[in-house]
Each structure stands twice: as C-alpha cells, then as structure tokens.
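Asker: Structure in structure tokens, see below.
Just so it is clear, none of the values below were taken in a lab; they were calculated from the coordinates. Not measured: the values here are computed from a predicted model. Cβ sites come from the backbone with ideal geometry, for glycine too, and all protein chains shown count toward neighbours.
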Amino acid sequence: MNTAKSTSSTSSTLPSVLVIAGFDPSGGAGVLADTKTIHANGGYAACVISAITVQNTQGVKTVDPIDAVTFQAQLSTLAEDMVFDAIKIGMLASLEQVQIVSEFLKTHNLKVVLDPVLISSSGQELLPANAIPAFIEQLIPKATLLTPNRPEADFLAKKINRPVTHWNQVHRAQIAATLSHLNCANLLLKGGHSETANQGVAEDWLFSWEDPNVECFRSPWLKVQHNHGTGCTLASAIATQLAFGHSVSKAVELGKRYLSQALAHADQNQPNYHPLPAGKTRHGSLHHFFN
Ligand code: PLP
C-alpha cells in the first residue's frame, strides 16, 4: 500500500480513469505507466492506445500511430460500456486522433488531465506538426488541467505568439494572459527543467486562468537514473485523485506526493538488464508499487 491512496470515494465502485496514450513495450511510459499508477492510487484504468512505439530503456526507435478507425472504435466501445470519472490524455499520434478526442469530450463531461506529450526525452517527435494547431485550439480549452514541462510550455506559448519570459509568480499577469489566449483553465508547470532543480528543490507551479493565486509545490529534487515515464505517472496520479473528487490543487498535491515516492524507489527496483553498449545510457521505469 502506498501513502497516496485516497479514501475519499463515497461510492462502492472504483473511481475510473480513461487513459488515452501510447504503448511503450518497456513498461516505463505510456499506458503501462498510467495503468500501474492509477491502480496504485486506488482507481481503475481502461486504456485506448494511440500508437505502438518500439523502444526500450535506451530510447524510442519508431512510432506507429493507430489508424483513426481503430482508435475511434476503442474509445466508443469502452465508453458505451463503462462510466468514467476522469480522463488522462497522454501521447496522441495524428491529427485525426486529436479531432476524435475533441469530439468525444464534447459529449462526455469528465475531469480532463491533458499531458502535452510532444517530443520524447530521447528526441523523437511524438505528436506530428500538422496536429499542433488542433491540439491547441480544440483540446487545450477542454482540459481541466494541462501538465507541460518547461520546453512544452514554452513551445505552446510561442505557437500562439504569447511567449512567457519566466514561468513564476512575478510574471503571473503575463502568464494569465497566455493562459487566457490558450483558453487553458489550469496549467501545472512541471519543475524538472526549472532553475531550482540544480539547488536540490523540485518546484511545480500551478497557474489558473481565473485565480490570481499561483501555487508552488516544492519537493526535494531527486537525482534518479530510472525516471522514464515521470510525466505520465504524475498526470495519471492527478487524474486518479480528480476521479476521487478532489480539487485540482489537492489532486496535484497528492499526485506529486505519489510521484516523489515512485521516483525515490525507482533505482533500487529495476529488472535485470544486459550490459549497455558503449556510449548508451538507460532510463528504466519508476517503481509504482512501493511500500
Ligand atoms: N508516452 C509514450 C508512449 C512514450 O513513448 C513517451 C516517451 O518516450 C512518453 C509518453 C513520455 O514519457 P515521459 O513521461 O517520460 O515524458
């Protein structure tokens, strides 16, 4: 049992989270990380696969998008059978997928955590360039919470010609204007790339379009080798806490607490690996079921 498990559900059913994400066969990121996270946090995960990636702990080799018909069929078949409390959207792999999800959200009133998975940490493009305008115009306005890292936040702000000089409290008026142009209700800026990372602190900033109070979530900066799927894990943990009925702020606090533990236990809980080829590095999965 992990400490992040919530007990606030008032129903006897499991809070259910619909995941839309890619398949990472190594289990570090994508639907496998999402599923582990959601179950570890006391929820139930059902998954729509957006792409089959070929990758291992050394990087992504190829990305094969699921065709629009199969993608749509996965989504509608699940939705006609199960009632979801929240949806976590990770990697999307085509313009058609962005449009299908946008249409789906018009008719399903769900808490939406949107993780803008644009490029993998190993540099592979995950969302094609022709899908970016629809992603910004159709999906971001439907999100309860957008969870970019710093490069993703900068990328999105620049795309709408509203660059942000510093993502912090001092520049909150500028950030609020950017969020309003993005039509983004809440944005959690993940601190992995922030200036404080070098000083031993991970700072995540929660900005709301309408609420001038910027919240900062601080946790010790953990220097962890096996950190693949960190973004997926945080977004899924937050989505599960939203499914339990928590506010955005509380869900972020609980999600971050879970992520810190999953990271802290990662390096000591890895499968066996072959020795690395010369010049290669390896980033394995977090440990989602810590004690
Ligand atoms: N989803 C999939 C299927 C991926 O392959 C990746 C990166 O390789 C990601 C998401 C993003 O992973 P992270 O959470 O480490 O940013």
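Asker: Being among the acidic types (Asp, Glu), closer than 20 Å to Asn41 by Cβ and away from the ligand (no atom under 14 Å from the Cβ) narrows it down to one residue among Glu253, Glu215, Glu203; which is it? I'd like the intermediate steps shown before the answer.
Answerer: Values: Glu215 fails: closer than 20 Å to Asn41 by Cβ; Glu203 fails: closer than 20 Å to Asn41 by Cβ.
That would be Glu253, the only listed residue that is among the acidic types (Asp, Glu), closer than 20 Å to Asn41 by Cβ and away from the ligand (no atom under 14 Å from the Cβ).
Asker: While we're looking at this one, here's another question. Across region 272-284, which residue is nearest to the ligand (Cβ to nearest atom) among those that are within 24 Å of the chain's Cα centre (by Cα) and not small (Gly, Ala, Ser)?
Answerer: Step one: of region 272-284, the residues within 24 Å of the chain's Cα centre (by Cα) are 281-284.
Narrowing further to those that are not small (Gly, Ala, Ser): 281-283.
Details: Thr281: 14, Arg282: 13, His283: 8 Å.
That would be His283.
Asker: Can you work out which of the residues in region 120-136 that are among the aliphatic types (A, V, I, L, M), without any contact (Cβ under 8 Å) to a residue 40 or more places away in the chain and touching a helix residue (DSSP H, G or I) at 6+ places or on another chain (Cβ under 8 Å) is farthest from the ligand (Cβ to nearest atom)?
Answerer: Pass one, region 120-136, residues among the aliphatic types (A, V, I, L, M): 126-127, 129, 131-132, 134, 136.
Now drop any that are not without any contact (Cβ under 8 Å) to a residue 40 or more places away in the chain, which leaves 127, 129, 131-132, 134.
Adding the requirement that they be touching a helix residue (DSSP H, G or I) at 6+ places or on another chain (Cβ under 8 Å) leaves 127, 131-132, 134.
On the way: Leu127: 10, Ala131: 15, Ile132: 17, Ala134: 19 Å.
Among those that are among the aliphatic types (A, V, I, L, M), without any contact (Cβ under 8 Å) to a residue 40 or more places away in the chain and touching a helix residue (DSSP H, G or I) at 6+ places or on another chain (Cβ under 8 Å), it is Ala134.
Asker: On to the next question. For region 8-78, which strands (runs of 3 or more DSSP E) that fit wholly inside it have 2 or more residues that are more than 11 Å from the ligand (Cβ to nearest atom) and in contact (Cβ under 8 Å) with a residue 40 or more places away in the chain? Outline the logic, then answer.
Answerer: Working: elements: 16-23, 44-56, 59-65.
In region 8-78, the matching strands (runs of 3 or more DSSP E) lie at 16-23.
Asker: Got at least one residue in region 173-185 being farther than 22 Å from Ser102 by Cβ, crowded, with 17+ Cβ neighbours inside 10 Å and within 18 Å of the chain's Cα centre (by Cα)?
Answerer: No, region 173-185 contains no residue that is farther than 22 Å from Ser102 by Cβ, crowded, with 17+ Cβ neighbours inside 10 Å and within 18 Å of the chain's Cα centre (by Cα).
Asker: Has region 262-280 got any residue that is buried (at least 16 other Cβ atoms within 10 Å of the Cβ), touching a Phe, Trp or Tyr at 6+ places or on another chain (Cβ under 6 Å) and either hydroxyl-bearing (Ser, Thr, Tyr) or assigned to a loop (DSSP other than H, G, I, E, B) (or both)?
Answerer: Scanning region 262-280 turns up at least one residue that is buried (at least 16 other Cβ atoms within 10 Å of the Cβ), touching a Phe, Trp or Tyr at 6+ places or on another chain (Cβ under 6 Å) and either hydroxyl-bearing (Ser, Thr, Tyr) or assigned to a loop (DSSP other than H, G, I, E, B) (or both).
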